[in-house]
Amino acid sequence: MRRPRLWIRIAIGFLALLIYAWSWRMVGVDLGKFVEPQAAQRAREIFTAFITPEILVPERGLQRVEGALQVPCAAGSVPEEMTAGEGPRLFFPSCAASGERIRVRGEGFRPNSEVVVRWRFAPSPQLPLGGELLAGRTRTDEVGNFSLEVEIRPLLAQEGGAWLQAEARWEGRWQISPALIRTLELMLQTIFLALMATTLATLIAAPLSFLAARNITARGPVGTAVYYLVRTMFNVVRSIEPLVVAAIFATWVGFGPFAGVLALTVATVVNLGKLFSEVVETIDPGPVEALTATGANPLQVIRYAVIPQITLPFLAFIIYHWDINIRISTVVGFVGGGGIGYQLKLWIDQTDYHRAGTAVWAIVAVVSAMDYISARLREAIR
């Protein structure tokens, strides 16, 4: 075979360069964005959050008590000790003058915890959005009491007083993260979602596959028309992304796993139907011809000559597609199909990347385990 002339090869090479240059421009490739400091730093933070999932978290607690304090005292009034709170209690004078130092006591708080005392202001002409002002910090003793001396700032006199707030926070023993518990619950839902979709799709795809098999159906004008009709339906529906189907069902039946089951069932029916029909088309024609020669009807031919040859390949494809549906269901969840995918989308939208990382690693673990299990099952039934 003669090689093309030099000028033809040069023209082809030049045309290829033009196509790649046009493609480069059309997709907006900009390698400089990789080295932009702010973008790179943000990408690093997100990546770090994803690879450090929230598995264990310390037990956190909060106690907060507040009460109003007037500044200054009304003419002729004498400060009285005020009590705020029903569980943890806060004791302080009812009023005080600017610059005065008052004693604030607390009882019933968590022992040996840090306490932050602050002034909290309501919105006013001077502070349209309100605000807070730190008054002091201390720790509770072994029985949960504390005592702290705080100063009445001039700002309190301008505002006519403020709310005195005491807040105790603490961290206890490590415990399983609520995000992990939620992830495990939804992963279990995702597995069963994929199982239901695969089961329903198998019940529909198995009979349709015989109609889409040329060696079974395409006999005579009617059979040939049925064959091409079913094949065309498979090809048309397979061209529609499961995300689109899931969005339609989520609008139809509402957001949740039921919409995901319906969407995956539609996608799985056409995929399994095509695979099953190809298996049927590759069977040994000998048993079929032998039974046909004895006068067996089509149903008897399928029952005794076709089904024994396709049972094991069908089971292998069913198990394999269950594995595939677990992966697809996580994506279908992004448009309201339920399962772990929907929760993952919520955490990403909330920029809660540590919890999103928990979901991502759970998906990786389940998909890897299902891939191993399905491979072993397919080997066992061969």
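The values are calculated or read from the model by the stated rules, or taken from the named source; none is laboratory data. Worth saying up front: this structure is predicted, and the values here are computed from it rather than measured. Here the Cβ is made from the backbone with ideal geometry for all residues, glycine too, and neighbour counts use every protein chain on show. All accessible areas refer to the heavy atoms of the entire protein, side chains included, with ligands and DNA or RNA removed. Shrake-Rupley method; radii C 1.70, N 1.55, O 1.52, S 1.80 Å.
Details
- Selection within the stretch 256-297 - farther than 26 Å from His321 by Cα, open to solvent by 30 Å² or more (accessible area, probe 1.4 Å) and in contact (Cβ under 8 Å) with a residue 60 or more places away in the chain: Pro285
- Residue within the stretch 89-103 that is in a loop (DSSP other than H, G, I, E, B), touching a Lys or Arg at 6+ places or on another chain (Cβ under 8 Å), under 23 Å from Leu134 (Cβ atoms) and not aliphatic (A, V, I, L, M) present: yes
- Verdict on Glu171 being open to solvent by 80 Å² or more (accessible area, probe 1.4 Å), under 30 Å from Arg355 (Cβ atoms), out of contact with any Cys (no Cβ under 6 Å at 6 or more places or on another chain) and at pLDDT 85 or above: no
- For the stretch 48-57, the tally of residues that are assigned to a strand (DSSP E or B) and surrounded by 12 or more Cβ atoms within 10 Å (Cβ to Cβ) stands at 1.
- Inclusion of Arg238 among residues that are open to solvent by 40 Å² or more (accessible area, probe 1.4 Å), modelled with pLDDT under 90 and closer than 21 Å to Pro285 by Cα is not warranted.
- Residue that is modelled with the highest pLDDT [pool: residues in the stretch 63-81 that are open to solvent by 30 Å² or more (accessible area, probe 1.4 Å), touching a Pro at 6+ places or on another chain (Cβ under 7 Å) and part of a strand (DSSP E or B)]: Gln63
- Residue count for the stretch 320-340, restricted to those that are within 10 Å of Phe255 (Cα to Cα) and of a type outside the set (Val, Ile, Thr): 4
- For beta carbons closer than 7 Å, sequence separation of 6+ or different chains, a first residue in the stretch 30-58 that is under 9 Å from Tyr353 (Cα atoms) and a second that is open to solvent by 80 Å² or more (accessible area, probe 1.4 Å) and of a type in the set (Val, Ile, Thr), there are no qualifying pairs.
- Qualifying position, being surrounded by 19 or more Cβ atoms within 10 Å (Cβ to Cβ), among the hydrophobic types (A, V, I, L, M, F, W, C) and at negative phi, among Ala197, Ala247: Ala197
- The residues of the stretch 132-152 that are under 27 Å from Ala74 (Cβ atoms) and crowded, with 17+ Cβ neighbours inside 10 Å, listed by number, are Ala135, Leu148, Val150, Ile152.
- Given (1) in a loop (DSSP other than H, G, I, E, B); (2) open to solvent by less than 80 Å² (accessible area, probe 1.4 Å), index of the condition Ala225 fails: (1)
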